[in-house]
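Engineer: Dropping the structure in here first, questions after.
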Amino acid sequence: MLRAMRLVLALVLPCLVVSMVASTSSAAPPWATLVPFKKIEADPSKNYELDEKQGPWMIMAASFAGPTAEQQSHDLVMELRQKYKLEAYAFRRTYDFSKPTDGIGYNRYGGPRRMRYLSNNKFDEIAVLVGNFSSIQDPQIDRALAIVKNARPDTLDPNKKPDSSQRLLGARTLYSMMSGNPEKLKKGPMGSAFVARNPLLPKELFVAQGLDPFVYDMNKDLPHSLLKCPGRYTVRIASFRGVDTMKPAEFDRLTSQRNDIAKLDKAAINASKLCAALREKGVEAYEFHDRTESYVTVGSFNDVGQPRPDGKIEINPAVHRLMEEYKAKEVAKPGTNQVELYAQVKFGLRLDPQPMPVEVPRQSIATAYNATNSLLR
């Protein structure tokens, strides 16, 4: 049955909008500040290049173009990771102004006017982006943005790096001095940083809609479907990825690449297997399948915590217990005083290192209305 559903997915390519999209336009969930500290990797031998797995919301910190752009962007990424403990990534984009382009208006033959850029050159620009935020309302965005705007990394210090390739640095510095605003003068060389979406993700991902009708149909008849969870929240403990990209164009491969269909099948089977095994042990487990992955949750809650007078969240004890029960365990590293984190394995399947509360997906009123109308036609 699951294979049949996944095969249909390979042939259907509507807008890529999954149930989690609604969170990008809604208020930040109350558990957003509960993510525990995680070590930020900073290996100088690695190139931390941006991909579809980051974001979807990030902070545009700085951009570089010129002979030293490659080295400076790498140095800034490393410094942000090592010194400021921020997840930083590099993203390269090529601009070609040497080719003609369509202008405004029409030529005498009725076709588009062809024009050339004044600059008539071609160059690569490397942007440095910070963060890995699931929502534009994520409270961690403001904190990270403040750090970036006020940071003064050695990589962007003109006294230490006189041959800087940072784009528009001189113009921004001059504007800050001429504005007369003391707050602007306090900011560092990344004072113009701003929040942006991950440029590798499709625009459709950022359009808020209800639960995808196709996804709803995949899940509604499952015996332990997450759609049947009575509470508003649950705790996600295991994720099984079926497709490694969220680009709509990549789904075309599903019609010809059996390996990708097999991945979707395996992800769905693993989620169902884990859910059934937990249910046999008396655990209130649910499974959910969408276009790119399948996952398993446990528990049902009407709230995940209550705000305290100081503005922080006092987490629901039952939610916290589940997060602690299923999270990765610390294991002492032999011969050292260090410990390593290892994700738990249940019934032969690996759990998420850090379980987190999630909202239970619901069918939107519009989706239900359209589904009812389609049956009446």
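The values are calculated or read from the model by the stated rules, or taken from the named source; none is laboratory data. In this text the structure is predicted, and so the values were computed from the model without any measurement. Cβ sites come from the backbone with ideal geometry, for glycine too, and all protein chains shown count toward neighbours. Heads up: the accessible areas ignore ligands, DNA and RNA and are worked out on the full protein's heavy atoms, side chains in. Shrake-Rupley method; radii C 1.70, N 1.55, O 1.52, S 1.80 Å.
Engineer: Rounded to a whole number of µm²/s, how large is the Stokes-Einstein D of the range 307-357 at 4 °C and 1.567 mPa s, given Rh as the Kirkwood radius over C-alpha pairs?
Structural biologist: 99
Engineer: Roughly what would the spin-label model give for GLU280 and LYS39, points 7 Å off Cα along C-beta, in nm?
Structural biologist: If labels sit at GLU280 and LYS39, their model points lie 3.6 nm apart.
Engineer: Right, next: Between LYS99 and LEU200, with labels modelled 7 Å along Cα→Cβ, what's the label distance in nm to one decimal, could you check?
Structural biologist: About 2.3 nm, to one decimal.
Engineer: Also, I was wondering about something else. Around GLN344, under 11 Å between beta carbons, what's the net of Lys plus Arg minus Asp minus Glu among the other residues? Walk me through the numbers before you get to the answer.
Structural biologist: Numbers: positive: LYS327, LYS329, LYS346, ARG350; negative: GLU325, ASP352.
Combined, the nearby Lys, Arg, Asp and Glu give +2.
Engineer: At 1.4 Å probe size, put VAL331, VAL296 in order of accessible surface, largest to smallest.
Structural biologist: VAL331, VAL296
Engineer: Of the cross-linked pairs LYS263/LYS346; LYS46/LYS99; LYS85/LYS160; LYS266/LYS346, which ones have a Cα-Cα span greater than 26 Å in the structure shown? If you can, show how the numbers build up before the last one.
Structural biologist: On the way: LYS263/LYS346 20 Å; LYS46/LYS99 34 Å; LYS85/LYS160 22 Å; LYS266/LYS346 16 Å.
Listed pairs above 26 Å: LYS46/LYS99.
Engineer: Find which of HIS320, GLY299, TYR342 sits farthest along the positive direction of the dipole of the range 282-345, computed with +1 on the beta-carbon of Lys and Arg, -1 on that of Asp and Glu, about the Cα centre.
Structural biologist: After comparing all options, I get TYR342.
Engineer: For LYS85, list long-range residues whose amide hydrogen, built 1.01 Å from N in the peptide plane, is under 5 Å from its own amide hydrogen.
Structural biologist: none
Engineer: Moving on. Once you put a point 7 Å from the Cα of LYS266 and another 7 Å from the Cα of GLN71, both along the Cβ direction, what distance in nm separates them?
Structural biologist: 4.3
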